[in-house]
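Engineer: Please find one structure pasted underneath; my questions will follow.
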Amino acid sequence: MKTKDKKKVWFVTGTQHLYGPEVLNQVSAHAKEIAQTLNESLSSPVEIVFQPILKTPDEITSLFITAGADSQCIGIITWMHTFSPSKMWINGLKRLQVPLCHLNTQFNKEIPWDSIDMDFMNLNQSAHGDREFAHLLTRMKIRRKTIVGFWKDISVQKSISNWTRAALGWSELQEIKVARIGDNMREVAVTEGDKVQAQIQFGFSVNGYDTDDITKIIETLNTSEVEALLKVYEDSYEVDSELKQGGKKRESLIAAAKIELGLKKFLDQGGFKAFTDTFENLGTFEQLPGIAVQRLMEQGYGFAGEGDWKTAALVRAFKVMSQNTPGGTSFMEDYTYHFGNSSQVLGAHMLEICPSISENKPRCEIHPLGIGGKKDPVRLVFDGKAGEAINVSLIDLGTRFRLILNEVNAIPFKNKLPKLPVARVLWTPQPSLEIAASAWMKAGGSHHTVYSQALETEVIQDFATLAGVELICIDKNTKLYELEQTLNANEAVF
Ligand code: MN
């Protein structure tokens, strides 16, 4: 998955001049050690960079100005090792441009009961230094994550790691260009929205293109690049005999490969990291892109069907946030229910599910689509991996955006589903299908989601906080009436 250079999070330590050089040298050495340890131990793909300790209002202001101008700096972690009177921070924080994580930790894990004296107390003051700092953050209404705990603890490091992933997703969204190939599926509401407001709030831009833009590129492809991709298909998947060389539908596989090559060149030439298409607007395409879209998603491009640009941008953000994690991420749709003792949802789409969530080696097949009036599309068919996952939807309520998340457990298929020619996942929503789906629909969630086995709920919570967007979480503790009250309260807050 392609991203630019490694992004950086700055580790910023507050103190003041009062303590004298000896203490300040210790503060600096401790901060450096924490920053280095976090940099080495976090699973996150960002680099944690130590910054010289801050002792004066001018140093603080200067740091925030520099951070805001540095395109590689995607977030700031702050920690007050000692007391650092927070009026010193006002002018700096007014220039804060990136997400903030407030880490309330202490260099020493335990109190040295036998040797503790006032020197120790004066050095290890984050218990009140961080309170002074947090008071100002609250007063200035600065959104941030707050983490309390010992910096070597796994749970603290995991929380920091999750926040850096959220910051990474936010930074990526500021840059994403979404290509909307064709318009919205006719008459559909939830995939629509205010693209101008989305760009103001989230940063990503959405613009329209025509399938003809890709067809022009397809016409310039040479035989060897098409042949090379067909070989990749044959090496990577169980290819249906009729699609193999000499098979009666070989031409369809060649057409699918050309669409993939054309789409990829179009996206790369235009700097697009996400795209949509629509089966009603296929124009010059011979078939709905199936395998092409599936493989491009696996390479890290965001995608959603039917012109759903919000979900396409979100899929891309998830792909970036989930670098270096096991588990995949895909565009998804709640398709069919299985009611029973533990009711389930069969998730799928007409074709476009990402093979990163596949349990088995995908089969490459061709079947009629039934809608759209085009030739039969080639697609990858597989079962989704079992395990915990989240489904996340971004909707436009007209006056604001809302994120909705449901924790689900994907379960293994007991049946073969021999006549279902699409990739699929089977899951049980938390706390149950009946409550989860009621809550989801009360919140106005889309049938389209980002499905991920790579990210925890905490990442999305951090993302919502730093983005300033409402998030409704549906998990094992969800009670419908409480959820309704939350929705009512949020009407007022947002
Ligand atoms: Mn759909």
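The values are calculated or read from the model by the stated rules, or taken from the named source; none is laboratory data. This one's a predicted model, so the numbers in the text were calculated from it and none came from an experiment. Positions of Cβ are generated from backbone atoms using ideal geometry, with glycine treated the same way; all protein chains shown enter the neighbour counts. Heads up: the accessible areas ignore ligands, DNA and RNA and are worked out on the full protein's heavy atoms, side chains in. Shrake-Rupley method; radii C 1.70, N 1.55, O 1.52, S 1.80 Å.
Engineer: Once phi is turned into θ = phi - 60°, what whole-Hz ³J(HN,Hα) does the Karplus curve with 6.51, -1.76 and 1.60 give for every residue of the stretch 409-414, x standing for Gly and Pro?
Structural biologist: Listing the rounded values in order: 10, 6, 10, x, 7, 8 Hz.
Engineer: Same structure again: Mean separation of Cα pairs under 8 Å and 6+ residues apart, divided by the residue count of the stretch 7-173: what relative contact order is that in percent?
Structural biologist: 28
Engineer: Mind pulling the angle between the C-alpha long axis of helix 457-467 and the longest principal axis of the chain? Nearest 10 degrees, somewhere in 0 to 90.
Structural biologist: 70
Engineer: If DNA, RNA and ligands are ignored and the probe is 1.4 Å, what is the ranking of Thr138, Thr428, Thr13 by accessible area, most exposed first?
Structural biologist: Thr138, Thr428, Thr13
Engineer: Report, please, the projected area of the stretch 252-317 averaged over directions, based on the convex hull of its C-alpha atoms, in nm².
Structural biologist: With the hull built on Cα positions only, its mean projection is 4.1 nm².
Engineer: With 10 Å bins from zero, work out the P(r) of the stretch 183-324 over every alpha carbon pair and list the percent per bin.
Structural biologist: Bin by bin from 0 Å, the calculated values are 11, 39, 33, 14, 3, 0.
Engineer: Relative to the compact-globule scaling 2.2 N^0.38 Å, provide the ratio for the alpha-carbon radius of gyration of the stretch 177-493.
Structural biologist: After normalising by residue count via 2.2 N^0.38 Å, the value is 0.99.
Engineer: Additional query: Taking only C-alpha pairs under 8 Å that are 6+ residues apart, what is the relative contact order of the stretch 122-258 in percent?
Structural biologist: The normalised contact order for the stretch 122-258 reaches 15 percent.
Engineer: Roughly to the nearest percent, how much of the accessible area of the chain is carbon and sulfur, given a 1.4 Å probe?
Structural biologist: Percent of accessible area from carbon and sulfur atoms in the chain: 50.
Engineer: Let me ask something else. May I ask you to list the trypsin sites (Lys or Arg not before Pro) in the stretch 106-209 that are in a DSSP loop and have at most 15 other Cβ atoms within 10 Å of their Cβ?
Structural biologist: Passing both the DSSP loop test and the Cβ count: Lys109, Lys141, Arg143, Lys152, Arg186.
Engineer: Given H placed 1.01 Å from N in the peptide plane, which residues other than close sequence neighbours of Val378 have an amide H under 5 Å from its amide H?
Structural biologist: Distant-sequence amide H within range of Val378: Gly290, Ile291.
Engineer: Going 7 Å from the Cα of His338 in the Cα-to-Cβ direction, what parts of the stretch 419-439 have a backbone nitrogen less than 17 Å from that spot?
Structural biologist: Counting only backbone N, you get 419-430, 432-434.
Engineer: Just tell me which aspartates and glutamates come within less than 18 Å, Cα to Cα, of Lys141; anything on the same chain fewer than 8 places away is out.
Structural biologist: Partners within reach: Asp130, Glu132, Asp462, Glu470.
Engineer: I need the shape label for the stretch 7-173. Rule: rounded when a/c is under 1.5, else prolate if a/b > b/c, else oblate, with a, b, c from the alpha carbon gyration tensor.
Structural biologist: Judged from the Cα gyration tensor, the stretch 7-173 comes out oblate (a/c at least 1.5, b/c at or above a/b).
Engineer: Which of the GluC sites (Glu not before Pro) found in the stretch 96-176 are in a DSSP loop and have at most 12 neighbouring Cβ atoms, other than their own, within 10 Å?
Structural biologist: Glu110
Engineer: Oh, and also: Applying 1/(1 + (r/R0)^6) with R0 = 51 Å to the Cβ-Cβ distance of Glu33 and Gln269, what FRET efficiency is obtained, to the nearest 0.05?
Structural biologist: Calculated transfer efficiency: 0.65.
Engineer: What FRET efficiency do you get for Asp235 and Phe413 if R0 is 30 Å and r is their Cβ-Cβ distance, rounded to the nearest 0.05?
Structural biologist: 0.70
Engineer: For the pairs Lys158/Lys476; Lys55/Lys109; Lys264/Lys310; Lys249/Lys273, flag any whose C-alpha to C-alpha distance is greater than 29 Å.
Structural biologist: In this structure, Lys249/Lys273 exceed 29 Å between Cα atoms.
Engineer: Moving on. Keeping every protein chain in place, order Val23, Val196 by accessible area at 1.4 Å, biggest value first, i.e. largest first.
Structural biologist: So the residues, ranked largest to smallest area, are Val196, Val23.
Engineer: Straight distance only, please: which aspartates and glutamates reach the Cα of Lys152 with their own Cα at less than 12 Å, same-chain residues fewer than 8 apart left out?
Structural biologist: Glu33, Glu40
Engineer: Also: Any idea what the relative contact order of the chain is, in percent, if you count C-alpha pairs under 8 Å spaced at least 6 apart?
Structural biologist: Relative contact order comes out at 13 percent.
Engineer: Kindly list the residues of the stretch 75-90 that lie in the label zone of Ile65, defined by a backbone N under 18 Å from the point 7 Å along the Cα-to-C-beta vector.
Structural biologist: 88-90
Engineer: Same structure, new question: Name the chymotrypsin sites (Phe, Trp or Tyr not before Pro) in the stretch 305-411 that are in a loop by DSSP and that have at most 11 other C-beta atoms within 10 Å, would you?
Structural biologist: When the chymotrypsin sites (Phe, Trp or Tyr not before Pro) of the stretch 305-411 are filtered for loop state and at most 11 Cβ neighbours within 10 Å, Phe339 remain.
Engineer: Taking only Cα atoms, what is the 0 to 90° angle, nearest 10, from helix 223-236's long axis to the longest principal axis of the chain?
Structural biologist: It works out to around 80 degrees.
Engineer: Roughly speaking, what is the stretch gain from Ser438 to Ser43, that is 0.36 nm per residue apart minus the C-alpha to C-alpha distance, in nm to one decimal?
Structural biologist: 138.6 nm
Engineer: Would you kindly calculate the mean projected area, averaged across all directions, of the convex hull enclosing the Cα atoms of the stretch 50-106, in square nanometres?
Structural biologist: For the Cα atoms of the stretch 50-106, the hull's average projected area reads 3.8 nm².
Engineer: Per residue of the stretch 62-74, what does 6.51 cos²θ - 1.76 cosθ + 1.60 with θ = phi - 60° give for ³J(HN,Hα)? Whole Hz please, x for Gly and Pro, Karplus curve as stated.
Structural biologist: After applying 6.51 cos²θ - 1.76 cosθ + 1.60, I find 4, 4, 5, 5, 5, 4, x, 8, 9, 5, 7, 7, 10 Hz.
Engineer: Check which residues have an amide H placed less than 5 Å from Val49's amide H, if you skip close sequence neighbours.
Structural biologist: HN-HN under 5 Å from Val49: Val9, Trp10, Phe11.
Engineer: Determine ³J(HN,Hα), in whole Hz, for all residues of the stretch 347-362 in sequence, where each value follows from phi through the Karplus function 6.51 cos²θ - 1.76 cosθ + 1.60 and θ = phi - 60°; x replaces Gly and Pro.
Structural biologist: x, 6, 8, 4, 8, 8, 10, 6, x, 5, 9, 6, 7, 10, 5, x
Engineer: Separate question: How much accessible area per residue does the stretch 7-173 have, in Å², with a 1.4 Å probe?
Structural biologist: 45
Engineer: Just to be sure I understand: if I project the alpha-carbon convex hull of the stretch 364-494 onto a plane and average over all orientations, what area do I get in nm²?
Structural biologist: Computing the convex hull of the Cα atoms and averaging its projections yields 10.1 nm².
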